[in-house]
Amino acid sequence: MVRPLVRPLAVFLLFAGCGSLSNTLAQDLAWERWKKCDHFNNVVLQRIELDGRIWVETRNGNADLAPWQACMQQAAAEQASKNRAAAATPVAGPVTPELSLPWVAPVWTVGSEWAYQYEGPDGKGTYVLSVVGEAQRDGLKCYVVKSGNRESYYTKDHLAWVTDIDDGAEVAHNTPPRPQYSWPLAVGKEWEQAVTQENVRDRRTRETIWTWVIEGEEAIMVRAGTLRTVKIVARNKKTGALLYEMWYAPAARSWARLREPLRGGMRERELIAYKII
């Protein structure tokens, strides 16, 4: 009996979808996309790992490998477009109830996850942020949040961004930590901070005086649901240039939408699903 050639192929893929109690968000998103392309006889699923990597077996000389990869890319593009259309469609129903303003800093726990979709001049796709632990960084107690091979450190008291580590090497560092929020949150609140950001790999630093203002309270609709939020606008104090607009949703314990100008246009990110432990 002649056995078919079997070659395992590791592919890191993320999908838009709903979270479950048994899987990570990355697994749920990956499974949704896999189902759209589960019709190639020579590509057989082995497993989907916790971080969303899909392992498959290819048979008969990889006959269906290229078409399957093209199908998966198309599924990703369709899913991103679906998310944009859903966000633009008004929905009826109650907004997620929350405590009255002001809102205090949330507590993050290991296992909590947020799945986001992004679209902009640098492309479109999805990714998942997962709280994987706590650690000391620069003498501060921090949450460790992982996405792919990158770990980001945020202070436990204010969720200020400290540093990013990619494949074990520090790639970005903020002095002092960049305070994306000023707790408790309340409409009209303003704050500012001069931050020196170091690009460790390129050995470059940039100092920016950031200003933030909470412009108002809004109910927004994203794939994760209709959420009550506050809109936070960040600007460069020296130039007045917009740095980003963020909509923080206490029900998700994180932001639900973020818009930031890039050199080629505006990049938008929205919450697809979340799991709070």
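The values are calculated or read from the model by the stated rules, or taken from the named source; none is laboratory data. A quick note: this is a predicted structure, and the numbers were derived from the prediction, not measured. Every residue, glycine among them, receives a Cβ derived from its backbone with ideal geometry; neighbour counts consider all protein chains shown.
Please work out which residue is nearest to residue 220 (Cα to Cα), limiting yourself to segment 247-264 and to residues that are among the charged types (D, E, K, R) and assigned to a loop (DSSP other than H, G, I, E, B).
Looking at residues that are among the charged types (D, E, K, R) and assigned to a loop (DSSP other than H, G, I, E, B), I get 253.
Tell me the residue from 256, 234 that is among the aliphatic types (A, V, I, L, M), out of contact with any Lys or Arg (no Cβ under 6 Å at 6 or more places or on another chain), closer than 18 Å to residue 126 by Cβ and in contact (Cβ under 8 Å) with a residue 24 or more places away in the chain, please.
So the residue among 256, 234 that is among the aliphatic types (A, V, I, L, M), out of contact with any Lys or Arg (no Cβ under 6 Å at 6 or more places or on another chain), closer than 18 Å to residue 126 by Cβ and in contact (Cβ under 8 Å) with a residue 24 or more places away in the chain is 256.
Which strands (runs of 3 or more DSSP E) sit wholly inside segment 129-228 and have at least 2 residues that are free of Cβ contacts under 8 Å to residues at least 12 places away in the same chain and either touching a His at 6+ places or on another chain (Cβ under 7 Å) or assigned by TED's automatic domain parsing to the domain that holds residue 247 (or both)?
Because the criterion is at least 2 residues that are free of Cβ contacts under 8 Å to residues at least 12 places away in the same chain and either touching a His at 6+ places or on another chain (Cβ under 7 Å) or assigned by TED's automatic domain parsing to the domain that holds residue 247 (or both), the strands (runs of 3 or more DSSP E) in segment 129-228 that meet it are 204-222.
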